[in-house]
Protein chains: 2
Amino acid sequence: MTQETRPLSKKDIRRENEKLILEAAEKVFAEAGFGGATMQLIADLAGLPKANLHYYFPTKESLYRRVVQAIFHDWLKAADIFDNAPGPVEGIGAYIDAKMEISRRHPAGSKVWASEVMHRAPVIQDYLETTLVEWTEGRMAIIRRWIDEGKMNPVDPRHLLYMLWATTQHYADFGHQIETLNGNAPLSDAQWEAAKDSVKTIILTGIGAIPSA
Amino acid sequence: MTQETRPLSKKDIRRENEKLILEAAEKVFAEAGFGGATMQLIADLAGLPKANLHYYFPTKESLYRRVVQAIFHDWLKAADIFDNAPGPVEGIGAYIDAKMEISRRHPAGSKVWASEVMHRAPVIQDYLETTLVEWTEGRMAIIRRWIDEGKMNPVDPRHLLYMLWATTQHYADFGHQIETLNGNAPLSDAQWEAAKDSVKTIILTGIGAIPSA
DNA sequence: CATCATCTTGACCATACGGTCAGGTTAAGA
DNA sequence: TCTTAACCTGACCGTATGGTCAAGATGATG
C-alpha cells in the first residue's frame, strides 16, 4: 500500500526544498547561533545532502540572510493590529497578544532575530535604519495621539515600545530559563494565558489606559 | 623616561593575566557568540599569544564557563537591594536602577548571559535549577508579602519578575537596535535617566505601587 | 647562588568546516 | 521522442580553528 505520488514539478521541488532548508536553518541558527551552526547540521535536519543546500543557497551567509529577512517580515506584520485601533487598550492589547503568540509559536525565529541584533545586526542593519525607523516613528505618532486624546498617561512612547518588545520577546528568547523556573516544563495553555494577562494588565495599568485594581 | 616597573610577582602575573583574558573573552563572546568567537581573537584583544590563553584556561569551553559564572554572580548580587526594602517603590525601584546600570556599564556580560540562556544554557543549567530557582522563590515571597500588606496590586509575582528582567536587560542586549533608533548614537546621560524613569514609572504604576498620573 | 615551580611562546598537528565540481538523474517543452 | 535546463550528490579541497608541546625565561625559595 505504498503511496502513489506522481512526480513533483520543478517549481514544486524548488519551493518544497527551499522551505525545508529554511525551516531547518532557522532552528539550527536559533540553537547554535550563526557561528555555531554548520551547513551539515542544517542539511541533516532538512534531510538533504549538504551539497544540495549549496545548490539553493550559495553560501551560509546567504541562507542566514534569507532566514533573518523572513523573520523581520513577520515581526513587522504583527504590528498591523496596532493601526486603526481606537485606543491603547485595543491597540496595545492586541499587539501584546500578537507578539506573545509569535513568541509561543515561533520561538526559534525570535531567537535568531535577537542574536542578529545582539551581534550588531551585520546582515539587516540597512533594514533597521530604514524600515524599522519608519515603523517606529509611525507607532510613536499613534501613541502620542492617544496621549493627546487623554486615553493614556503621557509616557515616553519610545520606551513604551521598547518595553513591549522586551517583555513579549522575553518569553521566546529566554524560554529555556522560564521553562526551568517552571519545573522544567513548558508553559501550559493556562500559563500562557496568565502570562499574557499579566503583561497586558501591568502595562495597560502602567500607562493609565485601564484603572488600577 | 621609561617607567621603572619592578617585576610582578607570580601571583600578580596570574591575577593580571586572568583578568586580561576574561575581559577580552567577555567582549569577544558577546560580539561573536560562543561558536563565532575564536581563541585567536580573544588572545589578540588581550594582547597575549594564543598559547598563553591555553596555559590559564585549558579549553575554550572552560574559559567560557568562567565568563558566564562571573556574570551570573553579578546578576544575583544586583538583587541584594531587593531585600530589606520596605515596599515595592523602594525595592523594585532600586532593582530597576541597579539592573539598568548593569545594562549600561556591562552590556557585553548581559549579552553573553542572554546568548547562554538562548542556547539552552549548556554551561550553567545546574545553576539555573538550583541557585536561580531559590533566588526567584525568595523574591516572589517578598512580592507576595507586599501584596498582602496592600502595598501593590495582586499581580502574578513570577511574571512581574520576568518583566523586570526583560525590560532592563533589553537595553543591553538590544542596545544596538536602540542606538540605531537613536540616530546611530549611544544614549546620553539624560536619555538613560529618561529610560530608567520610564521603566520605573510604567511598572510601579502598573502594579499599583504609585498612583496613576 | 642553586634549585624548582611557574610562566611564556613559536611551531606544529588533527580535525572540521564552508564551499566546489564533475557526472548523473529527472521533469519540461518542442 | 529528443533536447535542454534544472536538479542532485558523493567525493574532494583549502583553510581556519582548538589544542599540544618542547624548550626557554623568570620569579620564588632556602
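If R₀ is 30 angstrom, what is the calculated FRET efficiency for the pair residue B:23 and residue A:52, using the beta carbon separation as r and rounding to 0.05?
Given R0 = 30 Å and the Cβ-Cβ separation, E is 0.10.
About its Cα centre, what dipole magnitude does region B:69-206 give when the only charges are +1 on Lys and Arg Cβ and -1 on Asp and Glu Cβ, stated in debye to the nearest 20?
About 180 debye.
With the dipole of the protein assembly as shown worked out from charges on the C-beta (+1 for Lys and Arg, -1 for Asp and Glu) around the Cα centre, which of B:33, A:40, B:143 lies farthest toward the positive end?
A:40
Given the options A:174, A:34, A:72, which has the most mean-square fluctuation in a GNM of chain A, springs set between C-alpha atoms less than 10 angstrom apart?
Its mean-square fluctuation being the largest, the pick is A:174.
If you take every residue apart from residue B:172 with its C-beta less than 10 Å away from the C-beta of residue B:172, what net charge results, scoring Lys and Arg +1 and Asp and Glu -1?
+3
Can you give me the relative contact order of chain A as a percent, contacts being Cα pairs under 8 Å and 6 or more apart?
RCO, chain A: 21 percent.
Using the charge dipole of the protein assembly as shown (Lys, Arg: +1 at Cβ; Asp, Glu: -1 at Cβ; taken about the Cα centre), state which of B:106, B:207, A:53 has its Cα farthest towards the positive end.
Farthest towards the positive end: A:53.
Rounded to two decimals, what is the ratio between the C-alpha radius of gyration of chain A and 2.2 N^0.38 Å?
Computed over Cα atoms of chain A, the ratio equals 1.20.
Using the Cα centre as the reference, give the magnitude of the dipole from point charges on the C-beta atoms of the protein assembly as shown (Lys, Arg: +1; Asp, Glu: -1; all else neutral), rounded to the nearest 20 debye.
I would put it at about 900 debye.
In the Gaussian network model of chain B, springs joining C-alpha atoms below 10 Å, which of B:93, B:175, B:36 carries the largest mean-square fluctuation?
Checking each option, the largest mean-square fluctuation is seen for B:36.
In whole angstrom, note down how far apart the Cα centers of region A:170-212 and region B:167-213 are.
20 Å
Find every distance from the label point of residue B:150 to the corresponding label point in the other copies (7 Å from Cα along Cα→Cβ) and write them in nm, one decimal, shortest first.
3.1
Please tell me which of these pairs span more than 18 angstrom C-alpha to C-alpha: B:77/B:99; A:19/A:60; A:77/A:99; B:50/B:111; B:99/B:200; B:19/B:50?
B:50/B:111, as the Cα separations exceed 18 Å there.
Whole-Å semi-axes of the protein assembly as shown's equivalent ellipsoid, largest first, each the root of 5 times a Cα gyration tensor eigenvalue?
35, 33, 21
Gap in Å between the Cα centre of region A:68-93 and the Cα centre of region B:94-165?
Using only Cα atoms to place each centre, the spacing works out to 28 Å.
When each copy gets a label point 7 Å from Cα toward the beta-carbon at residue A:134, what are the spacings between them in nm, shortest first?
5.4
For residue A:84, place a label point 7 Å out from Cα along the Cα→Cβ vector, do the same in each other copy, and report the separations in nm, one decimal, smallest first.
Label point to label point, same position, other copies: 5.6 nm.
Semi-axes of region B:107-197's equivalent ellipsoid from the Cα gyration tensor, sqrt of 5 times each eigenvalue, largest first, rounded to whole Å?
One finds semi-axes of 28, 22, 9 Å for region B:107-197.
No lab work stands behind these numbers, since they all come straight from the coordinates. This structure is a prediction, so every number in the text was calculated from the model and none was measured. When we count neighbours, we look across all protein chains shown, and the Cβ atoms used for this are built from the backbone with ideal geometry, even at glycine.
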